[in-house]
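Undergrad: Sharing a structure with you now.
The values are calculated or read from the model by the stated rules, or taken from the named source; none is laboratory data. Note that the coordinates shown come from a computational prediction; the quantities given were computed from them, not determined experimentally. For neighbour counting, all protein chains shown are included, and Cβ atoms are generated from backbone atoms with ideal geometry for every residue, glycine included.
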Amino acid sequence: MTTDLMRRVTGGASRHDPFPLYAELRAERVNVLGDGSYALGRYEDVVALLHDPRISSDPHNATDPGSIAVIDNAPFIQRDPPDHDRLRSIAMRYFGPPDSAGMVSGMEPEIRRFVDGLADALPQSGEADLVDRFAYPLPVSVICGLLGVPERDAPQFHSWTEAIVKGFDAGEQEGAEDLVKRRDECEVAMFGYVRDLADKHRQQPDGSMLSRLANDDSADVMTEVELATTSLLLLVAGHETTVNLTANGALTLLRHPWALDRLRDEPDWAIPLVEELLRYEPPVQYLPNRVALADIDVAGTTIPRGARVTLLLAAASRDPERFADPDRFDPDRPDNEHLGFGSGIHYCFGAPLARIEAQVSLTALASRLDNPRLVADPPPYRPSPVLRGPVHLPVAYDGLLPR
C-alpha cells in the first residue's frame, strides 16, 4: 500500500495535486517502501531528521544506492560535514553575510527593472504563457548576472538543466534509463562548460561571483573541480526552483482572486504571501536519497544504518498537527515555519534571492494584469515529482495596467 502511494506520488497522474497522497503517507508516519527505503511526512519527524547528524546527504553511505548518481567530487549539497561546511562557507563569502552582506539586497533594484521590462513586453491584451514570458526569464537572467555567465549561453545551460532535472528523479517516468543516460551526458557537458568559464574569469575578472571565487586568494579556497561542481549546482538550483516558485505562486493567486486584489492594493503583503506559498505550494516537494548513518528509531520503527530515507517536505508543511487548517491558503497565517527551503545545515543557499525574485515578480503580475484568469486548470506540469511546477501557465487578461 505504502509503495503504491509513493509510486503514485512519483507518477504523472497526481502531479497537479499530490497532497491527498501526502496525507495518506503522513498517516503511516514511517513508510517502508518496496525497495527497502523509508519515507516520512510528519512535520515533527522531518524537522528532527533534517537536524539529525545521523542523516547523511552523501549517497556513498547507502547500503544500496538504487538509482542515485554516486559520484566523487559531488557539490556540497551531496556532502556531509566537514566538507559540506567548508565548501558552503567559501561560496557564501561572495553571496551573503558577513563578507558580502548587501549583495542580495543590492540586486533588488535591478530585479525590479527587469521584472518591469518583462511585464511591459507582455501582449497588451489577449493571452500569455506566464512560465515562458515571465517565470523563466527572470531567474535565468539573475543567475547569469550573479555568476558571470554570458546571457547568450542561457539557452544552452537551460537545455542541460532540464535534462539533469528529468534524470535526477527519473523514477517511474517513461524511458527512465534514457533519461538517466541523458542526465549524465549533460552533467559532463555542463561541468566542462563551467570549468572553461572559470578559466576565462581568471584571465579577465569581472566582479561576478564565479570570477571572485576563481580569483580567491584566501587561505582556504576551492580546488578547480570544487569550483566547477559548485558553479554547476548554483546554475541549476539558482533558476530551476525559482521558476517553479513563481509559477506555483501565480497559479495559486489566480485560483484565489481575492489575494490578487489584496496584493495589488498592499504590495508589502508580498512578504507573508511568499512565505505561505512556500508552505502551500513549495517548488521542492521532498528530499530523496538521504541515508541513515546509524540505526534510527522513529516511533518504534527502526530505520537501519545504510537505508535510504525520503523526507516529504511538502507533506510536513501541510501537517495538521503543526498547521491549523493546513490545506487552506492563508498568507496571514501566524508562526509559519514552513519547510519550503528545507531546514538544518542544508537550508537553501539561495533562499534570500528566491524570496526577493518571487515577491517582486508576483507583485508586478498583480498590479499589471487586468482581470487575469486561467486558460487551463490544472495547467500542464513538469514531469519531475521533486521539483514540481507548471511547465506552461497560459493566462488570459483584458490588458496591461500602467505602472
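Undergrad: Being loosely packed, with under 14 Cβ neighbours inside 10 Å and in contact with a strand residue (DSSP E or B) (Cβ under 9 Å, 6 or more places away or on another chain), is that true of even one residue in the range 100-120?
TA: Looking through the range 100-120, at least one residue is loosely packed, with under 14 Cβ neighbours inside 10 Å and in contact with a strand residue (DSSP E or B) (Cβ under 9 Å, 6 or more places away or on another chain).
Undergrad: So in the range 310-328, with the set limited to residues that are closer than 19 Å to Phe341 by Cα and among the small types (Gly, Ala, Ser), which one is surrounded by the most Cβ atoms within 10 Å (Cβ to Cβ)?
TA: Ala316
Undergrad: What tally of residues in the range 327-347 results from selecting those that are without any contact (Cβ under 8 Å) to a residue 12 or more places away in the chain and either of a type in the set (Val, Ile, Thr) or touching a Pro at 6+ places or on another chain (Cβ under 7 Å) (or both)?
TA: Residues in the range 327-347 being without any contact (Cβ under 8 Å) to a residue 12 or more places away in the chain and either of a type in the set (Val, Ile, Thr) or touching a Pro at 6+ places or on another chain (Cβ under 7 Å) (or both): 0 in total.
Undergrad: For Ile77, only one of the following conditions fails: (1) farther than 12 Å from Val309 by Cα; (2) more than 22 Å from the chain's Cα centre (by Cα). What is its number?
TA: (2)
Undergrad: Could you give me the residue pairs with C-beta distances under 6 Å whose first residue belongs to the range 382-403 and is without any contact (Cβ under 8 Å) to a residue 60 or more places away in the chain, whose second residue is surrounded by fewer than 22 Cβ atoms within 10 Å (Cβ to Cβ) and not polar (S, T, N, Q) wherever it lies, and which are 6+ apart or on separate chains?
TA: Within 6 Å, the pairs are Leu401/Arg368; Leu401/Asp370.
Undergrad: Let me ask something else about it. List pairs: first residue in the range 97-123 and closer than 15 Å to Ile143 by Cα and modelled with pLDDT under 95, second residue part of a loop (DSSP other than H, G, I, E, B) and not polar (S, T, N, Q) anywhere in the structure, Cβ distance under 8 angstrom, at least six positions apart or on different chains.
TA: Cβ pairs passing all conditions: Met103/Tyr94; Met103/Phe95; Met103/Gly96; Val104/Phe95; Val104/Gly96.
Undergrad: Let me ask another. Can you find a residue in the range 143-153 that is exposed (fewer than 15 other Cβ atoms within 10 Å of the Cβ) and not in a helix (DSSP H, G or I)?
TA: yes
Undergrad: Moving on to the next point. Can you name the condition, by its number, that Pro352 falls short on among (1) in contact with a helix residue (DSSP H, G or I) (Cβ under 6 Å, 6 or more places away or on another chain); (2) under 27 Å from Pro97 (Cα atoms); (3) surrounded by 18 or more Cβ atoms within 10 Å (Cβ to Cβ)?
TA: Here Pro352 meets the rest and fails (3).
Undergrad: Here's something else I'd like to know. Select from the range 100-137 the residues that are in a helix (DSSP H, G or I), acidic (Asp, Glu) and out of contact with any His (no Cβ under 9 Å at 6 or more places or on another chain) and list them in ascending order.
TA: Hits for the range 100-137 are Glu108, Glu110, Asp116, Asp120.
Undergrad: Can I ask one more? Given (1) assigned to a loop (DSSP other than H, G, I, E, B); (2) at pLDDT 95 or above, identify the lone condition not met by Thr363.
TA: All conditions are met except number (1).
Undergrad: Does any residue of the range 216-231 turn out to be free of Cβ contacts under 8 Å to residues at least 24 places away in the same chain, under 24 Å from Asp80 (Cβ atoms) and surrounded by fewer than 20 Cβ atoms within 10 Å (Cβ to Cβ)?
TA: The answer is yes, given that some residue of the range 216-231 is free of Cβ contacts under 8 Å to residues at least 24 places away in the same chain, under 24 Å from Asp80 (Cβ atoms) and surrounded by fewer than 20 Cβ atoms within 10 Å (Cβ to Cβ).
Undergrad: Could you give me the residue pairs with C-beta distances under 6 Å whose first residue belongs to the range 292-318 and is within 11 Å of Ser37 (Cα to Cα) and charged (D, E, K, R), whose second residue is modelled with pLDDT under 95 and in a loop (DSSP other than H, G, I, E, B) wherever it lies, and which are 6+ apart or on separate chains?
TA: Between residues of the range 292-318 that are within 11 Å of Ser37 (Cα to Cα) and charged (D, E, K, R) and residues that are modelled with pLDDT under 95 and in a loop (DSSP other than H, G, I, E, B), the close pairs are Arg308/Ser37; Arg308/Ala62.
Undergrad: Quickly run through the range 9-51 and pick out the residues that are in a loop (DSSP other than H, G, I, E, B) and within 20 Å of the chain's Cα centre (by Cα).
TA: Scanning the range 9-51 gives Gly11, Arg15, His16, Asp17, Pro18, Gly41, His51.
Undergrad: What residue, of Leu232, Leu278, Leu227, Leu245, is farther than 25 Å from Ala27 by Cα and either modelled with pLDDT of 95 or more or of a type in the set (Phe, Trp, Tyr) (or both)?
TA: So the residue among Leu232, Leu278, Leu227, Leu245 that is farther than 25 Å from Ala27 by Cα and either modelled with pLDDT of 95 or more or of a type in the set (Phe, Trp, Tyr) (or both) is Leu245.
Undergrad: So, of the residues in the range 228-274 that are closer than 18 Å to Trp160 by Cβ and of a type in the set (A, V, I, L, M), which turns out to be farthest from the chain's Cα centre (by Cα)?
TA: So, considering only residues that are closer than 18 Å to Trp160 by Cβ and of a type in the set (A, V, I, L, M), the one farthest from the chain's Cα centre (by Cα) is Ala228.
Undergrad: Does the range 173-215 hold any residues that are on the phi < 0 side of the Ramachandran plot, modelled with pLDDT under 85, over 22 Å from the mean Cα position of the chain (by Cα) and surrounded by 11 or more Cβ atoms within 10 Å (Cβ to Cβ), and which are they?
TA: Passing the criteria: Asp178, Lys181.
Undergrad: Can you tell me which residue is surrounded by the most Cβ atoms within 10 Å (Cβ to Cβ) among those in the range 35-50 that are within 15 Å of Pro288 (Cβ to Cβ) and not hydrophobic (A, V, I, L, M, F, W, C)?
TA: Restricting to residues being within 15 Å of Pro288 (Cβ to Cβ) and not hydrophobic (A, V, I, L, M, F, W, C), the top hit is Gly41.
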